[in-house]
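Inspection log for the structure reproduced underneath, given as structure tokens.
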There are 2 protein chains.
Amino acid sequence: MKKFQVVGIGNAMVDVLARAEDSFLTEAGIGKGIMQLIDMPRAVDLYSRIGPAKEISGGSAANTIAGVAHLGGRTAYVGKVKDDQLGAIFAHDLRAQGAVYETALAPKDAPQETGRCIVVVTPDGERSMNTYLGVTEFLEPSDIDPDMMSQAEWIYLEGYRFDGPQSHAAFAKAIAACKGAGGRVSITLSDPFCVERHRDAFRRMIRDDVDLLFCNRAEMLSMYQTADFDAALTQAAAEVAIVACTDSEHGAHILSDGQRWHAPAVPTKIVDATGAGDLFAGAFLWALTQGYDLETCGKMGNVAASEIISHIGARPEADLKALFQKAGLI
Amino acid sequence: MKKFQVVGIGNAMVDVLARAEDSFLTEAGIGKGIMQLIDMPRAVDLYSRIGPAKEISGGSAANTIAGVAHLGGRTAYVGKVKDDQLGAIFAHDLRAQGAVYETALAPKDAPQETGRCIVVVTPDGERSMNTYLGVTEFLEPSDIDPDMMSQAEWIYLEGYRFDGPQSHAAFAKAIAACKGAGGRVSITLSDPFCVERHRDAFRRMIRDDVDLLFCNRAEMLSMYQTADFDAALTQAAAEVAIVACTDSEHGAHILSDGQRWHAPAVPTKIVDATGAGDLFAGAFLWALTQGYDLETCGKMGNVAASEIISHIGARPEADLKALFQKAGLI
């Protein structure tokens, strides 16, 4: 038995969540529903303009790993924070959830701070993310412990990390160690604009290394540069063993081995959409390592996503296993 | 017209909110439902033992002032944070709510950090508070701007501050400047054990300087060292122009000028009791400065308290004025 069922690698962040009207997005020049990278001066300016906020640990892959840990999975996370107060918050929340988290801290005198994401939540529950990467941008190959990767049934790579200067080398090191020991590789495309920025690298990795692809409709269309969703799904399924593609209120499509399933969305009042895709992946991966069939994995993913969007913050608050039970899935 | 309707002085804190079963309180040696002062080693130990948490600006008088600001009152706050990430969060959230906050920061090399309160919320919604005061303990008379105090219709003093070494002198300076310019003084007793620690000083200040006393039943009984609630209320009313005493689900009692009113509690599902008393005071003070009668002030206080206990965190999330309107109070 491998020590870890899932090891995630991603951008370590604390979310700064504030509510605002749609008009604020326009005034502040924020693109709705997407992730935009910002620098420190912009972070300071935006922060001074948003209303009272809440600080809750986030980071896409970290949310996924928190979900796996919440469900009782054996799981670890790799991502960089600084030796500062926000870094301590991030580390605490992940470990307190039961995940292993041992990435070396960036030192107190590092020029950047722990990364944060200013998330503006509009009345429709949509989140618009403004990411100051800080020290997490500089995760290096030396931060990847090949031993840990070789002990993973699955590694889970966050697409957002493609924005880091050393990320490709770090991912390559993780993939080699994992695959060399018989493990498998999953990835999330993270964001349509992130796909746009790094399409060739994503395409290469998907063709050559990825066993399980997570994405949503917009990311899938961006990846294959088409408006034909079914054609994109078919193309992805020809390149990857398992494709799990979410489609908002239309649920999730899972394709594997010439077969295709549809898992309907679980209707919920959307309070804050932050982390819906992350927790879909977390529940899906956990279910997969428990031996559930792919359709059930997708259904559990949807239940977990519906829990996350029903409250502020991207980490589970209700007992997800109890929700799976209520939905007749376990 | 004075520049400020209410100026609050208190312990500046960020709340670290985590849920736990009652058994955790026993294991961790935490007294249920009260505030206990802890040092940094205890804070580090407790933090390592609680589950994933949320960071939300708190501090008793700061919550009250945030309530006044939320309602559109002209208001300011005095309390010390450090030039660190938690200090920036505290300052942002108060200013973003519309309060003036100009207290000098403790410098980066101060031996303590910004204060924080580890709040353990049990399934019944009760909160048990573990307070690391940090730099906020050292608010000095020099932090009190007499000019600001002279421009306040009301100052609002947080009883918890009696635990600070220079707090009595700081309060005396604030009171002199406020009263010298025709302003009035309100105080909250904060906590029955805090009253126990500083009973004589509280009693003296109440007799000599206080025009409006906020407290709850336990604090009132502790103050007058009696089990007879009505006798304590009568005694307080003989010493102070206005007494506003909350009594959990039994509502609030207001006494003034030989008269007595009862404002019934507003029934709500208690999610997190943190800040109920603070927001009662915030709404009461705002209503008073708007010229509402004392009974209505109490009723608005209860509506505000019911909003606060319906969610995690001690700052208002719903529109309190809309709730007052719905309750037929404005």
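We did not get these values from a lab; they are worked out from the coordinates using the rules stated. All of these numbers come straight from a predicted model, not from anything done at the bench. Glycine also receives a Cβ, built like all others from the backbone with ideal geometry; neighbour counts cover every protein chain displayed.
Here's how it looks for residue A:112: its modeled amide H is under 5 Å from none belonging to a residue 5 or more places away or on a different chain. DSSP assigns beta bridges within the protein assembly as shown; of those with both partners inside it, close to 40 percent run antiparallel. Across the range B:242-248, computed HN-Hα scalar couplings (Karplus, 6.51 cos²θ - 1.76 cosθ + 1.60, θ = phi - 60°) run 10, 10, 10, 10, 7, 9, 6 Hz from first to last residue, x flagging Gly and Pro. Counting only Cβ charges, +1 for Lys and Arg and -1 for Asp and Glu, the dipole size of the protein assembly as shown around its Cα centre is about 160 debye.
The shape of chain B comes out rounded: with a ≥ b ≥ c from the C-alpha gyration tensor, a/c is under 1.5. Mean per-residue shielding of peptide B:53-66 is 3, counting Cβ atoms of other chains within 10 Å of each Cβ.
For the residue pairs B:2/B:82; B:3/B:299; A:54/B:82, the C-alpha atoms sit more than 24 angstrom apart in B:2/B:82; B:3/B:299. Between residue A:102 and residue B:22, how high is the FRET efficiency from 1/(1 + (r/R0)^6) when r is the Cβ-Cβ distance and R₀ = 51 Å? Nearest 0.05. Calculated transfer efficiency: 0.95. Taking the label point 7 Å along Cα→Cβ, residue A:330 and its counterparts in the other copies are spaced 4.8 nm apart, in ascending order. Each other copy places its own label point for residue A:108 at 1.1 nm from this one, sorted shortest first, where the point lies 7 Å along the Cα-to-beta carbon line. Residue by residue along B:83-89, Cβ atoms of other protein chains within 10 Å of the local Cβ number 5 on average.
Loop-resident trypsin sites (Lys or Arg not before Pro) (DSSP state other than H, G, I, E or B) in the range A:40-141 with no more than 15 further Cβ atoms inside 10 Å of their Cβ: A:108. Spin-label model, residue B:95/residue B:262: points 7 Å from Cα along the beta carbon direction are separated by 4.7 nm. The length gained by stretching the chain between residue B:211 and residue B:112 to full extension, at 0.36 nm per residue less their Cα-Cα distance, is 32.2 nm. Let me confirm one metric for peptide A:310-316, namely the mean number of other chain beta-carbon atoms within 10 Å of its residues' beta-carbons. Shielding by partners across A:310-316 averages 2. Across the range A:4-325, the mean sequence separation of Cα contacts (distance under 8 Å, 6 or more residues apart), normalised by length, yields a relative contact order of 19 percent. Give the long-range amide H neighbours of residue B:81: residues separated by 5 or more places, or on another chain, with amide H under 5 Å away, using H modelled in the peptide plane at 1.01 Å from N. Amide H to amide H, under 5 Å and 5 or more residues apart or across chains, residue B:81 pairs with B:106. Apply the a/c threshold of 1.5 to the C-alpha gyration tensor of the range B:107-208 and tell me whether it is rounded, prolate or oblate. Oblate is the answer for the range B:107-208, as a/c is 1.5 or above yet b/c matches or exceeds a/b. Using a 7 Å projection from Cα along Cα-to-Cβ, the label point at residue A:172 is separated from the same position in the remaining copies by 7.2 nm, smallest value first.
Here each label is just a point 7 Å from Cα along the line to Cβ, and for residue B:271 and residue A:318 those points are 1.3 nm apart.
Long hydrophobic helices in chain A: none of the complete DSSP H runs spans 30 Å or more by Cα along its own axis with mean Kyte-Doolittle hydropathy of at least 0.5.
A simple count of charges around residue A:144, restricted to other residues whose Cβ falls under 14 Å of its Cβ and scoring Lys, Arg +1 and Asp, Glu -1, yields -2. Taking the alpha-carbon centroid of each part, what is the distance from the range B:58-74 to the range A:61-96 in angstrom? With the range B:58-74 and the range A:61-96 each reduced to a Cα centre, they are spaced 33 Å. Can you bin the range B:51-119 into rounded, prolate or oblate? Criterion: square roots of the alpha carbon gyration tensor eigenvalues sorted a ≥ b ≥ c, rounded for a/c under 1.5, prolate for a/b above b/c, oblate for the rest. The shape class here is oblate.
DSSP finds beta bridges in chain B, and of those with both partners inside it, around 35 percent are antiparallel.
Each residue of the range A:318-330 was assigned a 3J(HN,Hα) from its phi angle through the Karplus curve 6.51 cos²θ - 1.76 cosθ + 1.60 (θ = phi - 60°); the sequence is 7, 7, 5, 4, 5, 5, 4, 5, 4, 7, x, 8, 9 Hz, with glycine and proline shown as x. Summary of the geometry: the range A:1-31 and the range B:126-156, compared by the centres of their Cα atoms, lie 34 Å apart.
Pick out which of B:252, B:169, B:28 has the largest mean-square fluctuation in a Gaussian network model of chain B, springs linking Cα atoms closer than 10 Å. Of B:252, B:169, B:28, the most mobile in the Gaussian network model is B:28.
Calculated [222 nm] ellipticity per residue, helices only, for the protein assembly as shown: -11500 deg cm²/dmol; basis is -39500 (n - 2.57) per DSSP H run with n ≥ 4, divided by all residues, nearest 500.
Taking 7 Å steps out from each Cα toward its Cβ at residue A:34 and residue B:124 produces label points 5.2 nm apart. Taking the Cα centre of the range B:4-321 as reference, the dipole from Cβ charges on Lys and Arg (+1) and Asp and Glu (-1) amounts to some 200 debye.
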